[in-house]
Structure formats: structure tokens, C-alpha cells
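The values are calculated or read from the model by the stated rules, or taken from the named source; none is laboratory data. Keep in mind that this is a model prediction, so the values were computed, not measured. Positions of Cβ are generated from backbone atoms using ideal geometry, with glycine treated the same way; all protein chains shown enter the neighbour counts. Accessible surface areas use protein heavy atoms only, side chains included; no ligands, DNA or RNA. Shrake-Rupley method; radii C 1.70, N 1.55, O 1.52, S 1.80 Å.
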Amino acid sequence: SRKDPPSGEVATLTLPDGQEHSIKVLRPSLGNDMFLDIRDLHARTGCFVFDPGYTCTGSCVSAITYIDGPKGVCLYRGYPVNKLCEQAQALEVAYLLLVGELPEDEQLHEFQREVKGHMLVHEKVAALYSNFTHNAHPMAIMVAVVGALSCIYSELDCHNPGHRWLACARLIAQLPTLACMAYKTSIGQPIMNPKANLSFAENFLHMMFATPMEDSELNPVAVKAINTFMILHMDHEQNASTSTVRIAGSSQANPYACIAAGIASLWGPAHGGANEAVIAMLQEIGTADKVPQFVANVKAKVAGVRLMGFGHRVYKNYDPRARVMKSLVQEVLTGLKIKDPLLEVAEKLEEVALKDPYFVQRKLYPNVDYYSGIMLRALGIPTSMFTVMFAMSRTVGWVSQWKEMLSEGQLRIGRPRQMYVGVKPREYQRRPPTPCRSPVKSKQSFSQGQAHEEAADGTKLVGSYKARRSTSFQIDFPITTL
């Protein structure tokens with residue numbers, strides 16, 4: 001039974017002119033967080049809040065995933081994610097996230113039957129793959145083909161419950177197929193269709209590695225690894241890509257287009273591409289004996305040296321998903337009889353970092369991306385497919401969040417505000433015409449000229465990236481990374 005949020009708690013905001021505004025305090029069903037309800041702030045005071053990156057802003061309410069960053073806790077519908085990895089199958093957890101409860105045997109059987117029935121993709125979508133270049137990045141392909149599904153299923157009405165559930169089942173079913181088709185296209189091999197007699201994880205391995213001449217060996221260790229990877233990455237509260245799906249869905253857009261938007265957001269190296277960066281870092285270090293010097297360079301902020309796979313926007317403790325992944329890596333390498341020298345480097349780096357006050361004081365602990373790349377490499381999955389694996393798994397969470405927003409009456413179009421710092425109003429004045437003369441062809445295009453001008457201007461370090469030194473801002477303003 002539902003309970004009303006605790007009432008009676010009020011915070012008072014005092015404005016510079018002495019005006020006071022009462023703000024209701026909201027508390028979640030779990031945890032000690034406190035939320036200030038500022039929905040009427042502008043209407044009553046004329047004020048907005050400034051929160052770049054939404055680090056202190058709750059954009060929605062949700063009952064799907066709970067995270068306690070300081071304690072290192074992650075729950076799916078109340079169940080610890082590590083326990084689900086140990087005991088459940090991927091589609092069982094997908095059902096849990098979508099429906100809210102674990103399925104009975106008959107319910108799970110029916111859900112599996114429907115998902116498998118949707119795994120084959122429309123031939124018009126399959127035909128798109130022949131038009132991609134051989135070196136197209138699999139994530140670029142995924143953005144295109146998932147968005148193209150909105151052409152095939154354009155009749156969807158997001159206000160129709162039947163349409164919503166059907167879209168969720170189709171997307172969960174077809175993302176693994178589309179992902180494997182992207183991989184096969186990139187290496188020039190024939191596309192393999194799913195099989196009805198295989199599990200969700202088994203079908204993925206079959207479509208990735210089988211050929212018309214030879215079936216792939218479905219090693220139980222590899223099957224378990226894919227199953228666990230899927231579960232670990234299914235949802236993670238309101239991250240960048242999930243928020244992208246929600247804000248796209250808030251305009252009542254086609255759900256397939258919303259998921260394509262989420263894939264595009266996930267593609268960025270600051271989000272889904274982090275495990276690729278970890279592999280590159282470990283390869284750059286080379287051997288375990290070079291770890292101390294690398295750590296020293298990180299602490300000295302040597303240009304181009306960054307510690308990847310450590311730290312998280314939410315977790316200020318050991319990421320619980322990282323503990324599962326670390327154990328899984330050992331199991332996979334042992335079970336498949338593979339020795340990866342990067343594991344020794346990774347373990348040494350973790351050991352050194354967790355003993356160093358510099359990293360401990362900054363609460364930098366390994367996250368789920370730290371060991372996942374090594375595990376995927378052991379399964380034969382290329383680096384270019386790492387983020388696709390993430391997108392395939394996270395689709396379960398995306399559709400669950402999208403459906404929740406619509407079915408729980410939380411639909412309100414996203415419309416953030418901005419703080420304008422540009423020039424003040426000015427009159428348009430037409431430039432005097434230049435004397436008629438033969439145009440001189442420039443040696444540079446417009447974009448090349450602008451890029452050259454920006455490079456000549458110099459840069460400044462803003463957080464982890466470089467920004468232009470000069471600015472179009474008309475007032476001095478602090479950088480957005482606090």
C-alpha cells in the first residue's frame with residue numbers, strides 16, 4: 001500500500017531583500033536524503049536555482065533503482081544487485097525492473113517466450129546494415145538502426161498501455177540482435193539469427209561468434225559472464241543516458257527514438273566508454289612494476305596522465321558492482337584458461353591506489369568499468385563493442401524508466417532554464433557594401449579558420465577537459481565543476 005510522503009517539515013529560504021519563502025521537505029522511502037521541493041519557487045519568489053549537471057537536483061521520482069553512494073549500496077526494486085547476479089537470470093531481472101516483482105515460473109516462461117518471439121528484426125532494418133561502411137563504429141550503427149525502428153513501429157501511442165509494454169518487450173529483445181549485427185557488419189561476416197532453444201545470454205554469444213559453417217561453443221563460464229554483465233549494467237538510477245531517455249520521452253516522442261537518444265548519450269567517453277579508457281590506460285602502463293611511477297604521475301598531474309576506472313559521481317565507497325566484476329574476471333580467466341597480463345597491472349594499481357592517502361581522501365575507489373574491459377577481452381569481444389554491450393544491457397533500465405514516467409503519471413516535458421551571460425540588447429546595423437570585385441578564394445574554410453583562431457587563442461583546463469581561453473561571457477563566472 002502506498003503512503004503519503006512525510007509532511008510538516010519545512011525549510012525557510014531568506015532572499016537578499018529579506019523576503020522569506022517556505023520550502024516543503026520531501027523524504028524518500030529509503031535512505032536519509034532530504035529533498036527540497038522548489039517547484040513553486042519561481043512562481044512565488046521570481047528566483048531560479050543554478051545547478052549545472054544537475055548534481056543536486058532530483059528530476060523525478062522513481063521506484064526502480066536505489067543507490068546509497070557513501071555506503072556503496074545498489075538495489076534493483078529492493079534486491080541487492082550482487083545477489084541478483086549470483087542467483088538470477090538476465091530476463092528474470094529484466095522482468096523485475098519492468099514489473100516491480102520477481103516473476104513466478106509461469107510468468108517468467110511467458111515473458112521469455114514473448115522476448116524470444118521479438119528477437120528477429122524487420123528485414124527493412126536488417127537491410128540498413130549493408131549501407132554502413134566497413135569501418136563504421138558499432139555505436140554509430142546502433143544509434144542509426146535503433147532510431148530507424150521508429151519508422152517500422154511509427155504507429156505507437158505512448159498513452160496506450162498495450163503499446164508501451166509491446167515497445168519495452170521489442171527493445172529488450174532486439175537490442176542484442178542489433179548489437180551482434182553491428183559487430184558482424186564491422187568484420188564482414190554473415191549475420192547470424194537467434195535460436196529459440198537458447199537462453200538470452202546464449203543467444204548473444206551465438207549471434208556474436210557463430211558462422212553459417214560452424215556453431216560457436218557456448219562455454220558455461222562465458223554464458224554466466226554475459227548474464228552477469230547484463231544484470232550489472234541494466235539500470236543505475238538517473239545517469240546521463242537515462243536522463244536523456246526520460247527527457248526525450250517527456251515530449252511524448254516515439255520510444256525507439258528515445259532509446260536511440262540514450263545510446264548517443266552513452267557513447268561518450270565520460271559515460272559508457274569508460275571501460276575502453278581503462279584498457280588503454282592499463283596498456284599504457286604496460287607492466288606491474290611501472291605502476292608506482294604511473295601513480296606518482298597522476299598525483300603530480302602530469303599532462304595526459306589520468307587514473308581511469310576509479311571514482312564515481314555517486315559512489316564515495318567501493319562500487320558494489322565492481323566487487324562482482326572483479327570476482328567475475330578471475331572466474332572467467334581461470335575457466336577459459338586465459339592469462340591476461342593486464343589483470344596483474346590492474347590488481348597492482350588497485351592495491352597501490354587504495355593504500356595511498358591521496359586517493360583515499362578523495363574517495364576514489366574502483367568502479368564497475370575498472371575490471372569489465374578485461375572480462376570482455378577474455379570473451380573475445382573487441383574494444384569497439386564494449387559500449388555496445390553497455391547499451392544492450394542498459395536498454396532494460398531505459399525502457400523501465402520510460403514506462404514508469406508514463407504509467408505513474410510523472411509525464412511533464414523537461415525544460416531546464418539557463419542563466420544568460422551574453423551581450424545586452426543592441427541594434428542591428430547593416431554593414432556598408434564592399435566594392436564589387438572578384439572574390440578571392442580563401443585558403444581555409446570557415447570552420448578551419450574558426451578552429452585556427454580558437455587554437456591561437458589558447459586554452460585553459462576546466463575540470464578534465466580544455467576550454468577556450470577567451471569567452472563570449474559578458475560577466476566573470478566560475479567554472480561549473482565545483
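Using a 1.4 Å probe, what is the accessible area per residue for the chain, in Å²?
Each residue of the chain exposes 57 Å² on average to a 1.4 Å probe.
Please give the net charge around P194, taking every other residue with its beta carbon less than 14 angstrom from that of P194, where Lys and Arg add +1 and Asp and Glu add -1.
+2
If you wrap the chain's Cα atoms in a convex hull and average its projection over all directions, what's the area in nm²?
That works out to 30.9 nm², a quarter of the Cα hull's surface.
In nm, to one decimal, how far is the D457 label point from the D37 one, both placed 7 Å along Cα→Cβ?
It is 4.5 nm.
Once you have the Cα-Cα distance between T45 and M419, take 0.36 nm times their residue separation minus that, and quote the gain in nm to one decimal.
Length gained, T45 through M419: 133.0 nm.
Given a Förster distance of 60 angstrom, what is the FRET efficiency for Y358 paired with F446, based on the Cβ-Cβ distance and rounded to 0.05?
Plugging the Cβ-Cβ distance into 1/(1 + (r/R0)^6) gives 0.85.
Over all directions, what mean area does the Cα convex hull of the stretch 329-372 project, stated in square nanometres?
With the hull built on Cα positions only, its mean projection is 3.3 nm².
What aspartates and glutamates sit close enough to K195 to cross-link, taking a C-alpha to C-alpha distance under 15 Å and skipping anything fewer than 8 places away on the same chain?
Hits, sequence-local ones excluded: E114, E214, D215, E217.
Span-like helices, the chain: DSSP H, alpha-carbon axial extent 15 Å or more, mean Kyte-Doolittle 0.5 or greater, which ones?
What comes out of the filter, once short or polar helices are dropped, is 138-152, 220-232, 255-266, 274-285.
Quote the Stokes-Einstein diffusion coefficient, in whole µm² s⁻¹, for the stretch 374-436, based on the Kirkwood radius over alpha carbon pairs, a temperature of 20 °C and a viscosity of 1.002 mPa s.
Answer from the Stokes-Einstein relation: 118 µm²/s.
Once you place label points 7 Å from the Cα toward the Cβ at T434 and S216, how far apart are they in nm?
5.9
At a 1.4 Å probe radius, carbon and sulfur cover how many percent of the accessible area of the stretch 305-437?
The computed percentage sits at 50.
Tell me the volume per residue, in Å³, of the convex hull enclosing the alpha carbons of the stretch 148-284.
151
How much of D157 can a 1.4 Å solvent probe reach, expressed as accessible area in Å² and rounded to 10?
70
What Kirkwood Rh does the stretch 254-355 have if only Cα atoms enter the pairwise 1/r average? Answer in Å.
Answer for the stretch 254-355: a Kirkwood hydrodynamic radius of 15.6 Å.
Enumerate by residue number the trypsin sites (Lys or Arg not before Pro) in the stretch 183-281 meeting two conditions: DSSP loop (anything except H, G, I, E, B), and at most 15 other Cβ atoms within 10 Å of the site's Cβ.
Listed in order of number, the matching sites are K195.
State the percentage of accessible surface on the stretch 210-276 attributable to carbon and sulfur atoms; use a 1.4 Å probe and exclude ligands, DNA and RNA.
That share works out to 59 percent.
Under 10 °C and 1.306 mPa s, how fast does the stretch 292-432 diffuse according to Stokes-Einstein, given a Kirkwood radius computed over C-alpha pairs? Answer in µm²/s, whole number.
83
Just list whichever of K24/K83; K71/K348; K326/K355; K116/K337; K83/K116; K348/K460 have alpha carbons separated by over 28 Å in the model shown.
With Cα atoms farther than 28 Å apart: K24/K83; K116/K337; K348/K460.
Averaging over every viewing direction, what projected area does the convex hull of the Cα atoms of the stretch 59-194 cover, in nm²?
Computing the convex hull of the Cα atoms and averaging its projections yields 10.9 nm².
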